[in-house]
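Here's the structure, in structure tokens; my notes come after.
The values are calculated or read from the model by the stated rules, or taken from the named source; none is laboratory data. Being a predicted model, the structure only gives us computed values, none of them experimental. Backbone-built Cβ (ideal geometry, glycine too); neighbour counts: all protein chains shown. These area figures cover heavy atoms from the full protein model, side chains too; ligands, DNA and RNA do not enter into them. Shrake-Rupley method; radii C 1.70, N 1.55, O 1.52, S 1.80 Å.
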Amino acid sequence: MKRIISVILCSMVVVLMSVVGSSQAKALVLATVAIATDDDDRGDEVKLTEAEKYAEKMPEKRSAGKGVAPKESMARQLARLDARANFAEAISAAVTSAAKDTGGDLSQYAGDDEEGMNVEDAASRAKTWKESISREIINNTIEVKKNVFYNKRTRKYTVYVCLEYNGEVSNMVNQVVKNVRQKVSDKDRKRIEANLDAFEQEIEAKLKTRISNDKNNE
């Protein structure tokens with residue numbers, strides 16, 4: 001383990017003022033910044049950042065992402081893109097798994113059934129599927145947590161963000177299922193509609209347990 005010469009932690013606090021009869025101040029911690037002088041871009045031994053921990057508390061509607069770049073704004077944008085991609089991947093996996101548990105099979109749409117397709121075709125189909133069933137959900141996310149780390153040696157920022165779906169989980173799942181029904185064949189659509197409630201419940205259940213499942217697969 002390399003020695004960290006110096007670590008400076010500071011919290012950027014924005015005080016939000018609201019007036020309801022009388023003045024009342026509310027503090028919101030937006031980010032924690034760590035400055036390191038060695039190879040550790042987190043500035044200290046940290047297994048999970050606050051953003052990642054916050055995402056794990058509600059995995060059915062939150063997703064964390066990471067970005068590294070010379071400019072903080074660029075690293076933040078990359079982190080947001082990563083979080084969106086992770087969320088889309090989780091939604092796709094939950095839909096495919098839920099379909100199997102309710103007597104269906106949607107793997108051919110997600111690119112999991114690669115028979116007769118080359119790697120590029122399978123990857124393209126999977127990407128299209130993920131985007132088509134999760135687009136509205138991803139676009140309706142907001143940043144709720146951010147951690148910023150700066151490495152003096154590499155002169156790069158590492159940013160972690162947590163995005164959260166801005167709405168009820170039930171509404172999110174309903175939208176996902178609506179999108180799925182529009183993208184599948186008539187046969188698969190009828191199968192989904194015959195087990196609609198169970199299908200929606202399974203999707204939500206899969207999303208809630210995706211963090212523990214990811215850890216078990218590591």
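For first residues located in the range 122-148 and closer than 13 Å to residue 164 by Cα, partners that are small (Gly, Ala, Ser) and surrounded by 18 or more Cβ atoms within 10 Å (Cβ to Cβ) and lie 6+ apart or on another chain with Cβ distances below 7 Å form the pairs 138/88; 145/51; 146/31; 146/51.
Can you say whether residue 203 is within 30 Å of residue 72 (Cα to Cα) and open to solvent by less than 60 Å² (accessible area, probe 1.4 Å), as far as the supplied structure shows? No, not satisfied. Looking only at residues in the range 51-70 that are among the aliphatic types (A, V, I, L, M) and over 20 Å from residue 172 (Cα atoms), the one that is most open to solvent (accessible area, probe 1.4 Å) is 68. Regarding residue 188, is this residue open to solvent by 60 Å² or more (accessible area, probe 1.4 Å) and modelled with pLDDT under 95? Spelling it out, it is not the case that residue 188 is open to solvent by 60 Å² or more (accessible area, probe 1.4 Å) and modelled with pLDDT under 95.
So that you can scan it fast, the table gives a plain yes or no per residue for (1) open to solvent by 60 Å² or more (accessible area, probe 1.4 Å); (2) at positive phi; (3) part of a helix (DSSP H, G or I):
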{"site": "135", "(1), (2), (3)": "yes, no, yes"}
{"site": "143", "(1), (2), (3)": "no, no, no"}
{"site": "148", "(1), (2), (3)": "no, no, no"}
{"site": "160", "(1), (2), (3)": "no, no, no"}
{"site": "163", "(1), (2), (3)": "no, no, no"}
{"site": "171", "(1), (2), (3)": "yes, no, yes"}
{"site": "174", "(1), (2), (3)": "yes, no, yes"}
{"site": "177", "(1), (2), (3)": "no, no, yes"}
{"site": "182", "(1), (2), (3)": "yes, no, yes"}
